Amino acid sequence: MKELMSLTKIHLNSTFGFSDMKYKMFKQKKDLWKPILFIVLIGSLIPAYMLYLALIDTMYLGLKMINQTNSMITLAFSATSLMILVFSIIQAMSVYYFSTDINVLLPLPIKPKNIILSKFIGMVITQYLYVLPFIIPILVTFATNEGKGLVFIVYSIIFLILLPIAPLSISTILIMLLMKTTNIKGKKDLIRTISMFGLLAIILVVQMFISKGANNIPVGEEQQYLAQMFQDNMNLVNMVGKAFPLSIIVTKALVIKSVSSMIYFIVGVLISLIFLWATIILGEKIYLAGILGGQERTSGAKKLSSSDLKDKLRKKSHPSIAVFMLDMKLILRTPPYILNCVAMVILMPVILIVMPILSGDMAVEGITKVYKESYGIINLVVIGFFIFIAATNPTASTTFSREGKNFWISRLAPVKPMDQIKGRILTSSVLQVVGILFSIIGMSFLISLRVDTIFISLFFGILGSLPIFLVGLLIDLLRPVLKWDNPQKAVKQNMNVLFSMLIGIAYIVILGLLVFFMWKIFNSFLLIYSILTVIFTAVTILLLFIINNIFAEKFVDIE
């Protein structure tokens, strides 16, 4: 137990950087602005959070009208579990296989199960920070309106503690199996990357079909279905919970007023503990084999003849293209970068588009009707959505940080500042194009898009994102984070991402207000598009000029 506690403390300290933060703030008196920035950030989120709380109250009243308030609990636990499952796939891979502390821990006389369990506990605590602010208000709203007492509070606290265990266990076991079975010489990294995306796709597709089937009401039986719903307040619980059956057990433990409540509570706790036990047992059998295989390096390259070597040396790429290729290769061979820079660009549009499909045909019909009646306004909304994706993408704002200790290679490369800028911005732009194309394809499954919508959203989605990418690059140029022991820290724990995102959101708000006033004054979409083109182009050129002037000096000073 002492060994496990020590390992857990080390892992948490490595993840959140408590010791480094404490030393800089209290010893060196540096980074004192970070707590202030954190408070400002939390304060800026309060209006949005209040809106979320109001939405929960509205949802409760709507469910109360059809006697299905119990389904709030099921929906909260199933949706949260699915979110943890999807987004912890790469977290598990990064924590277990790409953290540099593995090289230190493996030679030590430490039990493998303690390494596995300590890292798992660290992931659980990390997930608390993400999911508890969203699920606790739902439980509080339900308990307050339903008049629940002490038993509900105690059960809820225990289930909240256990909440991440089952989905994290599933993702951890899947990743360990993936790393063990893809331990193949040659294109190992490529195979694992493709397999990881395939795994994410399978999870989303399976969940989509389960939810879609659960929400289907037989044609001609709508009245009987509604009548049954009014009579049985667990009807919607059983329907929604099909996507994650454990949420049904949790709901019944919290809402049933009988001895059965305790039975469901015990069953729910046991299931979570079984998942944890399975993770430890399977992890002991396959973890070390997968991690040792993951650390092997084989070139898989054929030997070049002297003539082939001369041909390759004669070939020259434009410097900006060379920078782009190196940057893209770094992203594609590092799973944490794939998740944060590539997967999120694809997953965010997919999830937002899948949601209406899961909501049923009425939601899709409503979206189609709104688009046909106000397609011009929808075009502007879609452009704003694409720019928002750019604002939340950390590719540009971590472009130097991602290189870490190997940054000296870029600094010594004989490449002009403008070529460095163009190459790194090209990486973000290519990923933005990929995200936009995925969104357009997804939206095409929902509604029949007009040709002008496709071209307008693609053009302005890219042009309008360039200023955000340049701002992100400038921020990372001024304060790169090159000292990290886990590549995930370069993107997930990098304040540059937060700065860039806040500036991006402010940029979107300003654009939204500007478009609103232009519509009120001119009432012409063509004029609005023309003015936006001028604004985006002018801001992009101005930022390029500014960054080019300070690039050489700052680039050399980076340590």
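Since every read-out is calculated from the coordinates, none of them should be taken as a lab result. Everything numeric in this text was worked out from a predicted model, so none of it was measured. All Cβ positions, even for glycine, are placed from backbone atoms using ideal geometry, and neighbour counts span all protein chains on display.
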What is the Cα centroid distance between segment 246-284 and segment 90-116, reported in whole angstrom? 28 Å
Determine Rg/Rh for segment 398-487; Rg is computed over alpha-carbon atoms and Rh is the Kirkwood hydrodynamic estimate from the same atoms. 1.11
Charges only on Cβ, +1 for Lys and Arg, -1 for Asp and Glu: so what's the dipole of segment 320-559 about the Cα centre, in debye to the nearest 20? 320 debye
Förster radius 30 Å - calculated FRET efficiency between residue 151 and residue 4, Cβ distance, rounded to 0.05: 0.45
What number comes out for the charge environment of residue 113, summing +1 per Lys or Arg and -1 per Asp or Glu over other residues with Cβ under 12 Å away? +1
Give the calculated FRET efficiency between residue 13 and residue 518 to the nearest 0.05, with a Förster radius of 45 Å applied to their Cβ-Cβ distance. 0.30
Taking a crude spin-label model, label points 7 Å out from Cα along the C-beta direction, the residue 42 to residue 416 distance in nm is 4.9 nm
Footprinting exposure proxy for 522, 244, 445, 551 (fewest neighbouring C-beta atoms within 10 Å first): 445, 522, 551, 244
Ordering 478-491, 101-114, 368-381 by per-residue average of other C-beta atoms within 10 angstrom, highest first, gives 478-491, 368-381, 101-114
Each label point is 7 Å from the Cα along the Cα-to-Cβ direction; what then is the distance between the points at residue 333 and residue 381, in nm? 4.4 nm
Give me the three principal axis extents of segment 36-93 from the C-alpha atoms, as integers in angstrom, largest value leading. 43, 33, 9
So, counting K/R as plus one and D/E as minus one, what does the shell of residues with Cβ under 15 Å around residue 261 add up to? +2
Could you calculate the contour length gain from residue 263 to residue 111, that is, 0.36 nm times the residue separation minus the distance between their Cα atoms, to one decimal place in nm? 51.2 nm
